[in-house]
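The values are calculated or read from the model by the stated rules, or taken from the named source; none is laboratory data. Keep in mind that what you see is a predicted model, and the values were worked out from it rather than measured. Positions of Cβ are generated from backbone atoms using ideal geometry, with glycine treated the same way; all protein chains shown enter the neighbour counts. These accessible areas exclude ligands, DNA and RNA; they are computed on the full protein's heavy atoms, side chains included. Shrake-Rupley method; radii C 1.70, N 1.55, O 1.52, S 1.80 Å.
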8 protein chains.
Amino acid sequence: MKAMSDKPLVSIVMGSDSDLPIMTETARMLEKLQVPYEMEISSAHRSPARTAAYARKAAGRGIKAIVAGAGGAFHLAGVIAAETTLPVIAVPIANSSLGGMDALLAAVQMPGGVPVGVMAIGKAGAVNAGIFCAQIIATADAALSGRLAKYKEELAQAVEEKSTRLKAELLANANDIME
Amino acid sequence: MKAMSDKPLVSIVMGSDSDLPIMTETARMLEKLQVPYEMEISSAHRSPARTAAYARKAAGRGIKAIVAGAGGAFHLAGVIAAETTLPVIAVPIANSSLGGMDALLAAVQMPGGVPVGVMAIGKAGAVNAGIFCAQIIATADAALSGRLAKYKEELAQAVEEKSTRLKAELLANANDIME
Amino acid sequence: MKAMSDKPLVSIVMGSDSDLPIMTETARMLEKLQVPYEMEISSAHRSPARTAAYARKAAGRGIKAIVAGAGGAFHLAGVIAAETTLPVIAVPIANSSLGGMDALLAAVQMPGGVPVGVMAIGKAGAVNAGIFCAQIIATADAALSGRLAKYKEELAQAVEEKSTRLKAELLANANDIME
Amino acid sequence: MKAMSDKPLVSIVMGSDSDLPIMTETARMLEKLQVPYEMEISSAHRSPARTAAYARKAAGRGIKAIVAGAGGAFHLAGVIAAETTLPVIAVPIANSSLGGMDALLAAVQMPGGVPVGVMAIGKAGAVNAGIFCAQIIATADAALSGRLAKYKEELAQAVEEKSTRLKAELLANANDIME
Amino acid sequence: MKAMSDKPLVSIVMGSDSDLPIMTETARMLEKLQVPYEMEISSAHRSPARTAAYARKAAGRGIKAIVAGAGGAFHLAGVIAAETTLPVIAVPIANSSLGGMDALLAAVQMPGGVPVGVMAIGKAGAVNAGIFCAQIIATADAALSGRLAKYKEELAQAVEEKSTRLKAELLANANDIME
Amino acid sequence: MKAMSDKPLVSIVMGSDSDLPIMTETARMLEKLQVPYEMEISSAHRSPARTAAYARKAAGRGIKAIVAGAGGAFHLAGVIAAETTLPVIAVPIANSSLGGMDALLAAVQMPGGVPVGVMAIGKAGAVNAGIFCAQIIATADAALSGRLAKYKEELAQAVEEKSTRLKAELLANANDIME
Amino acid sequence: MKAMSDKPLVSIVMGSDSDLPIMTETARMLEKLQVPYEMEISSAHRSPARTAAYARKAAGRGIKAIVAGAGGAFHLAGVIAAETTLPVIAVPIANSSLGGMDALLAAVQMPGGVPVGVMAIGKAGAVNAGIFCAQIIATADAALSGRLAKYKEELAQAVEEKSTRLKAELLANANDIME
Amino acid sequence: MKAMSDKPLVSIVMGSDSDLPIMTETARMLEKLQVPYEMEISSAHRSPARTAAYARKAAGRGIKAIVAGAGGAFHLAGVIAAETTLPVIAVPIANSSLGGMDALLAAVQMPGGVPVGVMAIGKAGAVNAGIFCAQIIATADAALSGRLAKYKEELAQAVEEKSTRLKAELLANANDIME
């Protein structure tokens, strides 16, 4: 059974299909953690009514968390957060000449009353949005919590392996690296 | 007769009453240029439906331009622009520790398709928003265009007067200033 | 019965007691939403072992979300996130000459694998951290979800009231404001 | 009949021919919305008298709005605004190593008295400058207002179509994306 | 005889009388170095024709260098440089919420062909503008060159004296400072 | 016996006596850790020969590390590092309108070949410069290394005490804080 | 006869040969304006004594202005200015990941007493450094002043020609551009 | 015998193997200066226990200084400094869309009590980290101090050689460069 399902727990919304290469990372991570999700394109500025309606109905359809990704004047996360009491997670995307600083500030500086939880700019943020949603759902799902713990161990183990490989390479290529 | 009227041509919207000291500057300038206006508080995040409805109905009520002022994750101008084809003018307000850079970027970096015309951060921007709206309306109102031309002359004259006063003071206080 | 309790669901951790005036806002909001919490001072840099141990044990003690607040090289949220699979929420505090940009970037740019959900810099962020934690817990707590919906309505109503008051004042003081 | 005409309503001015690839986007959009325009190269710094004369005469020739695009120390919009009471719209261009932050700040921080309405940096801003000019002219042109409304609907519909396409692709390629 | 004279060699221009407290520092330094100067208020945006005429005539009146000071969208130096082949020196003033970064970038990022020599933001920059003008004039004035050399020695001597005083204080108050 | 001595191991150099309130923090910390030091005022720009000579002679006089503090175009650390092979530590000071970002970048972006170790902007950085120098000297001084370990324990203990005090206050004032 | 001569009036100093592609622009412009110059590589950090000696001797050798170009922690201009009363012009070079903001701030924020006149980052700044030096020398050289005036006319004429060409192209290719 | 040895004096730690191309520069420089070192991969966020343990044991194994390199939310240096009294040197790496400003601020703004000495962003910083560690160790190692002095001479000589080569090329290619 696929995580992309009719009973999604996480909604991944992006402002444009040009954001898909980044936001796919959120989907991949949710797949890995076996959290069912859906993906949607809806713009805060070009399709505001659609976006508002989507946000208002999300909780009723069983969604537990919404991830929004966009660049520039990144209002999408805030606009969704205005219409729901679900946790909204923002992934700022660096699609302008300002390196994503615009999207970051537009997402993070929300006024008191309407929170958005902001991730790192770009792919790392999209990956983490998937994990963060899983962490939210895992507060009431022990099995998912276990998968998260296992993933965390894998991260530590990957570091261990990289360290081992580095040392082996350093020994093998000592002359190359240290000439 | 007052510019604040039942048949306003300009709508001044702000996200919170804490923005009033800045946005009053827009009202003052519209008063000066005899452009009828109205003022409204409506939040992109705390009262999204209200804001969207207000923006959608503005043109039908005879409004010709909408000024939006807010700080932080300043989405209000973009959210209004999403719902109207009227020109939307943004006044970023420096109410966070980032000096208004957050509000500026959140307002100005709008995606193609949904423009917002952004003024300077703070009071100068609020003053200019009033003039800019008058300039928009004056494209089809010769009398207002004349008042704008007169205001422009006053600006130049004020510089002239300041220059004259400076020179007089420099002469009078030469010893003080140049010791 | 007080929200500050022996069975807290949210942990509010700050790097120093100088952060208390900000982080108290998180506590106030959790009080308002009737979410039991605890407060702790623990530094990523001055008491690392204590911080790590605290983070590692939080889930086992029934904590559902951890809020971390600090300024400058704000590592506390990331260091906690490294030790737990609970959702970690960061409140950057502007306690240096850089207006909190340092704390924001140090908190938000986490690498893939270890998410932190970042709120706005300062008080607004601290308020929102409280709401965001409640939103997380409410994904499995219908009563809390109802309180959040009610709070959201209050926000919209407060805007409505401010708008009404503004208009009344404008009418009353028309001459003062518009001379 | 072409929008580029002897009776232009919008003037597009750029500081150098190197800005043409960006500013052509303004022209394209005005074409689409059937707003007659003209294009001009004139520099605030290299041909100041020419620029000032051009700005002073624009209103008399029937121009309703002026778009200025340049990079770096972007003074062109301000210099034009100093010489006319027409609305002046600025498109900051990212042609230096600072990603357009220089052009943005040089354009937007105008002093009280002389407004410039600033669009996003680069192509999105140039597209929006065209729409914004049309919005200005449409305040007294119902037919153009209708074309703007239709364009707005197209934007929303394009989102709808992208969403449909995304979902179809996700279904078709589910295995690829979600392995 | 005063440096403020009928035969000034340096012109100090500022955009507004609010810039006077800063720009007076340039005057003071020119006084000290016995370089005759004049002060003028003229705005790039509010009195453009006046500013252009002033810049065009400066060389003919015997002016050797022009200092321009302003804040925000600081176009004054560039606008003057566009109209003269005299060296133009800019003093960015921090009169907005952006700490003078706006004025600095608007002044410094001039396009090839029209140079402006930019000093530090604020008072230090205004002081240095006076010295820099003296350095320019001193390239053909040996007496002034001598006064500049003497001033440079005074700077070094002042450091020496401060160092001596510090050490004396440290000895005297050792217990206070080092408890 | 005082740390301020005739046989200093650390030299604290500042560009101006206005930097003394910050740089005194370095002295205090060295006092605390019983590392003998000296303080000097010498400017990279106003007394370059003096500064260069001072830097060149430092190692010969037994100095083990040099701390330089200044603001704005903070060249002092780099200029000293150019003249010595001793470790040079920089404390950027926020004495301009840019919050110390200028001093930070001017100090930290040294070219390959001439390192400077940069501390935080302002007081925290000055405190840490003292500790860092002690850490350098402690690499060959076991007793100092012990004092550093003890200081580190004190830091952790202070956190512990603050935590205890916070919890006591929260209990005592529960009603005040949580009403 | 070449401008690169035994009797140079302008010295172009750069921190490294990697800066040559930028600083050659200064040389080209001086060639064009027939101002004799010399080029030198000398580092503030890697060859401080050489740089200081060079700066101290420049005036005695007949140099009238010194241009310094470097990137990163750009101290070269300030270090030279510390040793001479000649006007020093800085060209910040964008050779780090910060787009030249580091070099700009390190050059421009000089303390009162030791001015540096800063040009734009990169090639435009290097071109302008050449013109600016010519402007300085032209304050006592009428022939050079005439060449500068002629160059200024050429700039204006080049704009005129670009404008003519643009309009011709627009007419010719109207269908391509405006489809 | 190689510097990479069983008795390393310097530890080079990086957060990920993707940082290796930068951090190898530190190794190269230590090789050149004959300072034995080791390299390690350990992440502040993915392997916190491993990193803490490594830092705690470093001094006991004879390590004299630790270099940490990472990008984004660069906590690694701070986290290591929290666990050791050895000097910790940070190399911020520009691996995000913010050009390393995130890593720089996250590393440099450490709170009072826990210093980290920060180098330039990227390769120059990594090179300098090697030199800086050597400078630390050389405070108690006269032979190494001699090698550092020799390296410093080489730097100055390399400038001399580049200068000679530039002048030769300028003479040879005068026509090419100066046409």
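On the given criteria, is A:E169 part of a helix (DSSP H, G or I), more than 7 Å from chain C (Cβ to nearest Cβ) and at pLDDT below 95? Don't jump to the end; show me each part of the working.
Numbers: part of a helix (DSSP H, G or I): yes; more than 7 Å from chain C (Cβ to nearest Cβ): yes; at pLDDT below 95: yes.
It is true that A:E169 is part of a helix (DSSP H, G or I), more than 7 Å from chain C (Cβ to nearest Cβ) and at pLDDT below 95.
Output the residue which, of all residues in segment C:16-38 that are in contact (Cβ under 8 Å) with a residue 60 or more places away in the chain and within 14 Å of chain H (Cβ to nearest Cβ), is surrounded by the fewest Cβ atoms within 10 Å (Cβ to Cβ).
Out of the qualifying residues, it is C:S18.
Among E:S163, E:S97, which is more than 9 Å from chain G (Cβ to nearest Cβ), at negative phi, outside any helix (DSSP H, G or I) and hydroxyl-bearing (S, T, Y)?
Details: E:S163 fails: outside any helix (DSSP H, G or I).
Every option except E:S97 fails the conditions.
Any residue at all in segment B:70-80 that's on the phi < 0 side of the Ramachandran plot, among the small types (G, A, S) and part of a loop (DSSP other than H, G, I, E, B)?
For segment B:70-80, residues on the phi < 0 side of the Ramachandran plot, among the small types (G, A, S) and part of a loop (DSSP other than H, G, I, E, B): present.
Taking the criterion of being open to solvent by 50 Å² or more (accessible area, probe 1.4 Å) and in contact (Cβ under 8 Å) with a residue 24 or more places away in the chain, would at least one residue in segment D:146-160 satisfy it? Talk me through it step by step, then tell me what you get.
Quick first cut of segment D:146-160, residues open to solvent by 50 Å² or more (accessible area, probe 1.4 Å) only: D:147, D:150, D:153-154, D:157, D:160.
If we keep only those that are in contact (Cβ under 8 Å) with a residue 24 or more places away in the chain as well, we get D:147.
Yes, some residue in segment D:146-160 is open to solvent by 50 Å² or more (accessible area, probe 1.4 Å) and in contact (Cβ under 8 Å) with a residue 24 or more places away in the chain.
How many of the residues in segment D:22-67 are among the aliphatic types (A, V, I, L, M) and not in a helix (DSSP H, G or I)? Step through it out loud before you land on a result.
At the first step, the residues of segment D:22-67 found to be among the aliphatic types (A, V, I, L, M) are D:22-23, D:27, D:29-30, D:33, D:35, D:39, D:41, D:44, D:49, D:52-53, D:55, D:58-59, D:63, D:65-67.
If we keep only those that are not in a helix (DSSP H, G or I) as well, we get D:33, D:35, D:39, D:41, D:44, D:63, D:65-67.
Count: 9.
I'd like the full set of residues that are open to solvent by 10 Å² or more (accessible area, probe 1.4 Å) and within 7 Å of chain E (Cβ to nearest Cβ), limited to segment G:80-89.
G:T85, G:L86, listed by residue number.
Among the residues of segment B:145-164, is there at least one that is within 30 Å of B:H75 (Cα to Cα) and among the polar types (S, T, N, Q)?
No; the residues of segment B:145-164 include none that is within 30 Å of B:H75 (Cα to Cα) and among the polar types (S, T, N, Q).
Any residue at all in segment D:70-88 that is touching a Lys or Arg at 6+ places or on another chain (Cβ under 7 Å) and either among the basic types (K, R) or touching a residue at least 60 places away in the same chain (Cβ under 8 Å) (or both)?
Within segment D:70-88, not a single residue is touching a Lys or Arg at 6+ places or on another chain (Cβ under 7 Å) and either among the basic types (K, R) or touching a residue at least 60 places away in the same chain (Cβ under 8 Å) (or both).
Filter segment E:39-69 down to the residues that are among the charged types (D, E, K, R) and open to solvent by 30 Å² or more (accessible area, probe 1.4 Å) and list them by number.
Within segment E:39-69, the first condition is being among the charged types (D, E, K, R), and the residues that meet it are E:40, E:46, E:50, E:56-57, E:61, E:64.
Within segment E:39-69, E:R46, E:R50, E:R56, E:K57, E:R61, E:K64 qualify.
Going through B:A129, B:A103, B:A124 one at a time, which residue ends up being within 13 Å of chain D (Cβ to nearest Cβ), in contact with a Gly (Cβ under 9 Å, 6 or more places away or on another chain) and free of Cβ contacts under 8 Å to residues at least 12 places away in the same chain? Reasoning before the result, please.
Details: B:A129 fails: free of Cβ contacts under 8 Å to residues at least 12 places away in the same chain; B:A103 fails: free of Cβ contacts under 8 Å to residues at least 12 places away in the same chain.
Selected residue: B:A124, the only one of B:A129, B:A103, B:A124 that is within 13 Å of chain D (Cβ to nearest Cβ), in contact with a Gly (Cβ under 9 Å, 6 or more places away or on another chain) and free of Cβ contacts under 8 Å to residues at least 12 places away in the same chain.
Condition first: in contact with a Leu (Cβ under 8 Å, 6 or more places away or on another chain), more than 8 Å from every other protein chain (Cβ to nearest Cβ), of a type in the set (G, A, S) and farther than 20 Å from A:P111 by Cα. Now tell me which residues in segment B:60-79 satisfy that.
Of everything in segment B:60-79, just one residue is in contact with a Leu (Cβ under 8 Å, 6 or more places away or on another chain), more than 8 Å from every other protein chain (Cβ to nearest Cβ), of a type in the set (G, A, S) and farther than 20 Å from A:P111 by Cα, namely B:G62.
Taking A:P92, is it within 11 Å of chain C (Cβ to nearest Cβ), more than 22 Å from D:S163 (Cβ to Cβ) and either assigned to a loop (DSSP other than H, G, I, E, B) or open to solvent by less than 10 Å² (accessible area, probe 1.4 Å) (or both)? Before you say what the answer is, go through the steps one by one.
Details: within 11 Å of chain C (Cβ to nearest Cβ): yes; more than 22 Å from D:S163 (Cβ to Cβ): no; either assigned to a loop (DSSP other than H, G, I, E, B) or open to solvent by less than 10 Å² (accessible area, probe 1.4 Å) (or both): yes.
No, not satisfied.
For C:R46, state whether it is of a type in the set (K, R), under 15 Å from the mean Cα position of the chain (by Cα) and either facing chain F (nearest Cβ under 10 Å) or farther than 24 Å from F:R165 by Cβ (or both). Walk me through how you get there before you give the answer.
Details: of a type in the set (K, R): yes; under 15 Å from the mean Cα position of the chain (by Cα): no; either facing chain F (nearest Cβ under 10 Å) or farther than 24 Å from F:R165 by Cβ (or both): yes.
No; evaluated as a whole, the condition is false for this residue.
In this structure, does A:I131 turn out to be in a helix (DSSP H, G or I) and touching a Pro at 6+ places or on another chain (Cβ under 6 Å)? Lay out the reasoning, then the answer.
On the way: in a helix (DSSP H, G or I): yes; touching a Pro at 6+ places or on another chain (Cβ under 6 Å): yes.
Yes.
Looking at segment E:135-145, which of the residues that are within 18 Å of G:A65 (Cβ to Cβ) and more than 8 Å from chain G (Cβ to nearest Cβ) is surrounded by the fewest Cβ atoms within 10 Å (Cβ to Cβ)? Show your work before the answer.
First pass over segment E:135-145, keeping only residues within 18 Å of G:A65 (Cβ to Cβ): E:135-142, E:144-145.
Still in the running and more than 8 Å from chain G (Cβ to nearest Cβ): E:141-142, E:144.
Working: E:D141: 18, E:A142: 8, E:L144: 20.
Filtering segment E:135-145 for residues that are within 18 Å of G:A65 (Cβ to Cβ) and more than 8 Å from chain G (Cβ to nearest Cβ), the one surrounded by the fewest Cβ atoms within 10 Å (Cβ to Cβ) comes out as E:A142.
For segment C:95-113, name all the residues that are under 24 Å from A:K64 (Cα atoms) and surrounded by fewer than 24 Cβ atoms within 10 Å (Cβ to Cβ).
Once the filter is applied, which keeps residues that are under 24 Å from A:K64 (Cα atoms) and surrounded by fewer than 24 Cβ atoms within 10 Å (Cβ to Cβ), segment C:95-113 yields C:G112, C:G113.
Would you please name the residue that is farthest from H:Q135 (Cα to Cα), looking only at residues in segment F:106-120 that are at the interface with chain H (Cβ under 7 Å from one of its Cβ atoms) and within 17 Å of the chain's Cα centre (by Cα)?
Going through the qualifying residues, I end up with F:A120.
I'd like to check something: does segment H:4-15 contain any residue that is open to solvent by 10 Å² or more (accessible area, probe 1.4 Å), farther than 19 Å from A:E169 by Cβ and in contact (Cβ under 8 Å) with a residue 24 or more places away in the chain?
yes
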